[in-house]
Number of protein chains: 2
Amino acid sequence: MEKSAPLVPDMFDAACPSAASPFRIADKWGGMVVLCLEAGPRRFTELRVPLQRIAPKVLTETLRSLERDGFITRTVFDENPPHVEYELTPLGRSLLPAIAACREWGFANLDAMRAARERYDGDGAEAA
Amino acid sequence: MEKSAPLVPDMFDAACPSAASPFRIADKWGGMVVLCLEAGPRRFTELRVPLQRIAPKVLTETLRSLERDGFITRTVFDENPPHVEYELTPLGRSLLPAIAACREWGFANLDAMRAARERYDGDGAEAA
DNA sequence: GAGACTAGTTACGTTGCAGTGACTGGGTCC
DNA sequence: GGACCCAGTCACTGCAACGTAACTAGTCTC
């Protein structure tokens, strides 16, 4: 199997500006997990690779929450070592077009938003 | 001027299921404020009408945050009584298609999500 | 002169999301 | 017999978002 093929290219860099996006899907990591699962089922540890900065506790919470909402399924394979797979449901896949719209907005407008922010903050700092 | 023409039909009812939507724009009220401004500029108190449950403090914070991000402008008319108008910028309008995609998802899938949630919670309650 | 209107501000409290760090348990590898 | 693997759990902490309640300034109306 491929070792570290990029599941999703950007967005997972700590310096990625997507953290500033005004759109949030489910909780902080929910949208990224859904994108990571777009290409097919993944295991817990496989998800941790692209989501470098996520703590196992937080990933567990995110996955449980997505499972509760019917966006993903959790399948336990009774093997050794333990093997758990997460996969998008059709309902989870239904999120993808809306997420794509949010990402498109980001590509087109995030820079403008950040510039506006700097302008606003700069004005405040200079006025003081 | 029209007195209480519905700025946006639903979404502002306290019982509205949109509160459960997995999509969040800016902060909790940001998306709704943008929608309220879609039809044209509005005053502080005019925004409070459809957003019944919002506290003035929270609305101020929301508006300041949207202004900082360059989504709205704040114009003070030096009149009496005081008169302040909020209006979408082109950048703010650029959010509308993505917001529309999120709302479309809601119309099509919110019920399925809520059903999944009830199923999940129900299973847990019965197992205990 | 009491009250209302507009557009907020201030002080304070609660809740919940997110994060850290340590730990678990069954099995395999060396 | 110690270390490692996977897929987590547990106890705790920090902090920002959200909310309530009360209050403000200047003007206008009753």
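The values are calculated or read from the model by the stated rules, or taken from the named source; none is laboratory data. Note that the coordinates shown come from a computational prediction; the quantities given were computed from them, not determined experimentally. Every residue, glycine as well, gets a Cβ built from its backbone with ideal geometry; the counts of neighbours run over all protein chains shown. Side chains included, ligands, DNA and RNA excluded: accessible areas come from the protein's heavy atoms. Shrake-Rupley method; radii C 1.70, N 1.55, O 1.52, S 1.80 Å.
For segment A:49-82, a tally of residues being assigned to a helix (DSSP H, G or I) and within 14 Å of DNA strand C (Cβ to nearest atom) returns 12.
Answer yes or no as to whether A:Pro17 is buried (at least 17 other Cβ atoms within 10 Å of the Cβ) and either within 30 Å of B:Phe71 (Cα to Cα) or in contact with a helix residue (DSSP H, G or I) (Cβ under 7 Å, 6 or more places away or on another chain) (or both). Against the criterion (buried (at least 17 other Cβ atoms within 10 Å of the Cβ) and either within 30 Å of B:Phe71 (Cα to Cα) or in contact with a helix residue (DSSP H, G or I) (Cβ under 7 Å, 6 or more places away or on another chain) (or both)), A:Pro17 does not qualify.
In the set (1) more than 14 Å from chain B (Cβ to nearest Cβ); (2) free of Cβ contacts under 8 Å to residues at least 24 places away in the same chain; (3) assigned to a strand (DSSP E or B), the condition left unmet by A:Tyr86 is number (2). Residue pairs whose Cβ atoms lie under 6 Å apart, sitting 6 or more positions apart in sequence or on different chains, and linking a residue in segment B:25-43 that is under 9 Å from B:Leu66 (Cβ atoms) to a partner that is within 16 Å of DNA strand D (Cβ to nearest atom) and assigned to a loop (DSSP other than H, G, I, E, B), are B:Ala26/A:Pro22. In segment A:99-121 there is no residue that is part of a helix (DSSP H, G or I), within 12 Å of DNA strand C (Cβ to nearest atom) and either surrounded by 17 or more Cβ atoms within 10 Å (Cβ to Cβ) or within 14 Å of another protein chain (Cβ to nearest Cβ) (or both).
Checking segment A:65-72 against the condition returns no match, with no residue being basic (Lys, Arg) and either loosely packed, with under 15 Cβ neighbours inside 10 Å or in contact with a strand residue (DSSP E or B) (Cβ under 6 Å, 6 or more places away or on another chain) (or both). Quick one: in segment A:89-98, of everything that is at the interface with another protein chain (Cβ under 7 Å from one of its Cβ atoms) and among the aliphatic types (A, V, I, L, M), which residue is most open to solvent (accessible area, probe 1.4 Å)? Checking each candidate, the answer is A:Leu91. Being open to solvent by 30 Å² or more (accessible area, probe 1.4 Å) and assigned to a loop (DSSP other than H, G, I, E, B) is the filter; apply it to segment A:22-48 and report the residue that is farthest from DNA strand D (Cβ to nearest atom). If we take residues in segment A:22-48 being open to solvent by 30 Å² or more (accessible area, probe 1.4 Å) and assigned to a loop (DSSP other than H, G, I, E, B), then A:Glu38 is farthest from DNA strand D (Cβ to nearest atom). Across segment B:49-72, which residue is farthest from the chain's Cα centre (by Cα) among those that are more than 12 Å from DNA strand D (Cβ to nearest atom) and farther than 17 Å from A:Pro22 by Cβ? Among them, the one singled out is B:Val49.
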